[in-house]
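Everything below concerns the one structure shown next.
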Amino acid sequence: MIKEPTLEDFKNYLIISVVKDIVTIDKKSPSESLNQFQKSKTYKLIQNMGNEYDEVGPDYFYDLYKNELKYGEPITSDALYLKKNNLI
């Protein structure tokens, strides 16, 4: 019988996927990537999330993380575009 994934399994999947993206895209070591990500607000979002993010994937959180590094807050690129163009 196949076990249904838990919320913790999903969180771990997201964290591992984002760290892999940091390693691949940002060309950092796995340990450096994990250490840096664990200090972020985006990581805390994943750790504290409930089921409200169950329809988003790792790309969403990597986007939040990259923008957090640039702007100090986890925000999506779409939201940044809308704010920059006074659409929200």
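The numbers here are math on the coordinates, done by the rules we state, and not lab data. Small disclaimer: the values here were computed from a predicted structure and weren't measured. FYI the Cβ positions are ideal-geometry reconstructions off the backbone, even for glycines, and counts take in every protein chain you see.
At a glance:
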read-out	value
Qualifying residues in segment 31-55 (those that are within 11 Å of the chain's Cα centre (by Cα) and within 17 Å of residue 20 (Cα to Cα)) - the one surrounded by the fewest Cβ atoms within 10 Å (Cβ to Cβ)	38
Unmet criterion (only one of (1) under 21 Å from residue 7 (Cα atoms); (2) outside any loop (DSSP other than H, G, I, E, B)) for residue 69	(1)
The one condition in (1) touching a residue at least 12 places away in the same chain (Cβ under 8 Å); (2) more than 11 Å from the chain's Cα centre (by Cα) that residue 26 fails to fulfil	(1)
Members of segment 2-29 that are more than 14 Å from residue 58 (Cβ to Cβ) and either surrounded by 16 or more Cβ atoms within 10 Å (Cβ to Cβ) or of a type in the set (A, V, I, L, M, F, W, C) (or both)	2, 7, 28
